[in-house]
């Protein structure tokens, strides 16, 4: 140790409160936005954030705070931060944290807790949020020493972002936040953890490369892990070098350009028929950052019966968890693909491409807009055509509109399609758009929503107005819980129950919040309303679109069934 270092160590360290040390640590970590809602136990931290350069957005419900943090993270690639008080404030984060866990989204949740003297005594607004969230976070902490607060927060950010990203939670009792701590934080126990494996071993790489180069009916199956690792450019290089067709999961949309001739679009329950047929007939599936979930495989015993599997994933638990991996590749997608690219050659796939072209001609995504009633597919595709040159970021909620967006909103870049995948959380879309707009203030952000899902978190519109965020909210109003209605239509003999909605006038509602609002009842009104909304730059704009309440989303196959049960188009309609 140098004399200068010894002198520095000998000097008494400045003292502050743990809450102030936490706030300073957040600034040092580069946090620009926090999405939260205050309460009694959290007041020491809120007081410490007063005057901070960090922008705090006052959400009207903590679930919205968690979803906004997800939207920020998904748009920027940096951890999003949400903040809640003890008890119900913390428990209201649970849905968003679960969503982030299933979709591998880096979120740091900061919660305040009752004083240490009240822990375990059922004090006012006490809830064991650490116990509750153990299964839905990568890691969580109850910090009991003021000196450990800032270091734990620093470690939490590292855990959230490293390896397979995900949510973490730091819970701090009120008296600990008020306790005295050093203004210079130190490392906490375990903070020297080594990052996960990033490179695949050479033997596994050569075996996978040989399989790829010699396949006859290969498919690249691309998931959200490619976007998380920033490997989209490497996937494009691999696809173009090998001329292998590419299908993406819902979470992988944008990892490969969907306007590229090699794109098959999204696969799965509501994916394109030709993507699903290609997977079923393939002899080699190259899975990149995807996890073979049930919405992709349907009945696992009949899924891709002729295919060998190359499976690349940062999380070794996912490799072979659902479908046996013949060629496992453990590591970071970007790093491993860079290793793999020089080793692969182009397989002989001319016949395979001819077969896929025939499938595309046989069963394209299709709808027919006619008459005075607006089809939701038409409303979505029209907006995509109008805005595609502006490179918008789109968030969706959950339901039929989400699947139509996955089909007709073609994404050509990563981090531009933000949705709830694994958990399927209604209420995700609007607060996620708020987070995305905060993270990417110069980008056009559009929220595609449904009438049912919008009403789950519509109070977030107050925050968007308060912050003058120019997000565009499109509410597709079919007066139904559309996806539930569709299932009752197809599988429950049309016994419709608890799905009809008596909706408010969403345009008047938006105006009451202070947003710009436009109504669309007929097809010819759609483009003018979109143009007017797109011209609003100083506040949110909502477009209320009345759509056909009887339209079902196809292709589709029943949950847990094999591909031979897939219905490509509505049997009640004749394709012209």
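The numbers here are math on the coordinates, done by the rules we state, and not lab data. Computed from a predicted model, the values in this text were never measured in an experiment. Reconstructed Cβ throughout: ideal geometry from the backbone, glycine too, with neighbour counts over all protein chains shown.
Numbers below:
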quantity	calculated
Those residues of segment 353-374 whose amide nitrogen sits under 16 Å from the label point placed on residue 573, 7 Å along Cα→Cβ	363-374
Mean separation of Cα contacts under 8 Å (6+ apart) over length of segment 376-554, as relative contact order %	23 percent
Per-residue [θ]222 nm for the chain (sum of -39500 (n - 2.57) over DSSP H runs n ≥ 4, rounded to 500)	-10000 deg cm²/dmol
Residues residue 315 and residue 117, FRET efficiency given R0 of 51 Å [Cβ-Cβ distance, rounded to 0.05]	0.80
Antiparallel content of DSSP bridges confined to the chain, in %, to 5	5 percent
Alpha-carbon centroid distance for the pair segment 450-527 / segment 200-237, whole angstrom	40 Å
Inter-probe distance in nm under a simple model that places probes 7 Å from Cα toward Cβ, at residue 233 and residue 358	3.9 nm
Length-normalised contact order for segment 15-182 - Cα pairs under 8 Å, 6+ apart - percent	29 percent
Mean Cα-pair separation over length for the chain, i.e. relative contact order, pairs under 8 Å, 6 or more apart, %	14 percent
Peptides ranked, highest mean first, by Cβ atoms within 10 Å: ranges 260-273, 381-394	260-273, 381-394
Sorted peptide list for 466-474, 214-222, criterion being average Cβ within 10 angstrom, highest first	214-222, 466-474
Whole-percent pair-distance distribution, where bins are 5 Å wide, for the alpha carbons of segment 520-576	4, 14, 16, 13, 12, 13, 10, 11, 7, 2, 0
Computed over segment 15-182, the ratio Rg/Rh where both radii use C-alpha atoms and Rh is Kirkwood	0.93
Percent of alpha-carbon pairs separated by more than 19 Å within segment 202-362	47 percent
Where labels lie 7 Å past Cα in the beta-carbon direction, separation of residue 128 and residue 260 in nm	4.9 nm
Distance from segment 58-113 to segment 349-379 (C-alpha centre basis), Å	38 Å
Ranked 97, 118, criterion: other C-beta atoms within 10 Å, fewest first	118, 97
With Cα atoms, 0 to 90° folded angle of helix 482-491 axis to the chain main axis	50 degrees
Rg and Dmax [Cα atoms of segment 62-134; Å; Rg one decimal, Dmax integer]	12.9, 41
All Cα pairs of segment 93-174, percent lying beyond 21 Å	28 percent
Degrees separating the helix 18-28 axis from the principal Cα axis of the chain, which is the longest one	50 degrees
Most to least packed among 514-521, 277-284 [average Cβ atoms within 10 Å]	277-284, 514-521
Extended-chain gain in nm, criterion 0.36 nm per residue less alpha-carbon gap, residue 145 and residue 58	28.5 nm
Percent of beta bridges antiparallel (DSSP, segment 15-182, rounded to nearest 5)	10 percent
Residue 47 paired with residue 302, simple spin-label distance in nm, labels 7 Å along Cα-to-beta-carbon	6.5 nm
Stretchable slack from residue 500 to residue 201, in nm (0.36 nm times residue separation minus alpha-carbon distance)	102.1 nm
Angle between the chain longest axis and helix 62-76 axis [Cα atoms, degrees, rounded to 10]	70 degrees
FRET efficiency estimate (nearest 0.05) - Cβ-Cβ, residue 32 to residue 537, R0 30 angstrom	0.90
Rounded to whole Å, sorted largest first: equivalent-ellipsoid semi-axes of segment 376-554, Cα gyration tensor	25, 17, 16
Alpha-carbon Debye profile of the chain, log10 I(q)/I(0) at 0.05, 0.12, 0.13 Å⁻¹	-0.23, -1.18, -1.32
